């Protein structure tokens with residue numbers, strides 16, 4: 001029994017020593033060759049946190065950043081990287097708090113305002129997201145990402161014309177093809193919604209907006225030709241225009257690229273029902289099977 005207690009005591013002392021050692025770094029005098037233990041600074045803890053962050057060890061990194069913040073609460077670096085760790089862990093409210101603190105300490109880093117805008121946009125806080133995006137844009141007008149996020153927030157709020165201007169800005173300044181393709185797609189969506197929201201009976205205005213939207217989606221396809229959702233969006237607009245044959249062709253393209261695109265499959269089914277007659281059975285569509293067979297036997301363009 002005494003032997004077991006002694007072993008446990010030794011293990012405890014060993015681990016306590018390891019923990020204590022973590023609090024210090026060894027500095028060597030270049031002239032005398034002597035070394036001495038010096039308490040780790042906030043910078044040291046932040047640097048260690050960065051190393052863990054780069055390895056994807058986010059929880060351990062946060063512990064290091066917290067230690068750095070404890071030693072120097074005015075040091076913005078640990079707050080920034082703690083925010084990123086929390087974001088990657090899906091702890092968005094805490095991430096936002098860290099970014100808030102970081103922007104208070106250093107309000108001139110545009111990427112921090114961009115991150116705040118991202119989180120606020122995801123949380124549905126569109127007015128706050130717009131404020132963050134605007135500050136990010138003011139600090140760095142050539143960063144396309146906050147322009148894109150601003151466009152999304154404006155589109156959701158129904159401010160389609162202003163949203164389109166933001167997407168045009170992204171298309172103009174971004175060198176990232178994937179972001180440009182997304183901007184074309186979202187511009188197309190904004191134009192489509194602009195046409196749908198027009199309720200004064202101006203059908204020519206609606207058709208013009210729909211055709212502009214289609215052009216945007218084809219521009220996006222040039223950059224992202226394997227994007228099934230772009231063809232699905234084209235199909236949706238053709239359906240709104242009453243151009244059912246073209247809608248079906250677009251949905252077929254979407255399904256060809258991604259046979260699991262359930263939105264395209266359901267949309268095609270619905271348009272076929274519109275073309276050939278259907279019965280409303282409590283939210284489900286019952287198709288005329290003969291009409292579908294006739295349609296599917298037609299050659300595609």
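A short reminder: the numbers here are calculations on the coordinates, not readings from a lab. Since the structure is predicted, the reported quantities are computational estimates derived from the model, not experimental observations. No Cβ is skipped: glycine too gets one built from the backbone with ideal geometry, and neighbour counts run over all protein chains shown.
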Would you please give the FRET efficiency between residue 70 and residue 140, computed as 1/(1 + (r/R0)^6) with r the Cβ-Cβ distance and R0 = 45 Å, to the nearest 0.05? 0.90
Going by a ≥ b ≥ c, the root eigenvalues of the Cα gyration tensor, does region 84-238 fall in the rounded group (a/c under 1.5), the prolate group (a/b larger than b/c) or the oblate group? prolate
Rounded if a/c under 1.5, otherwise prolate or oblate - region 56-174, Cα gyration tensor axes: prolate
Mean Cβ neighbour count within 10 Å, used as a protection proxy, ranking 230-243, 213-226 highest first: 230-243, 213-226
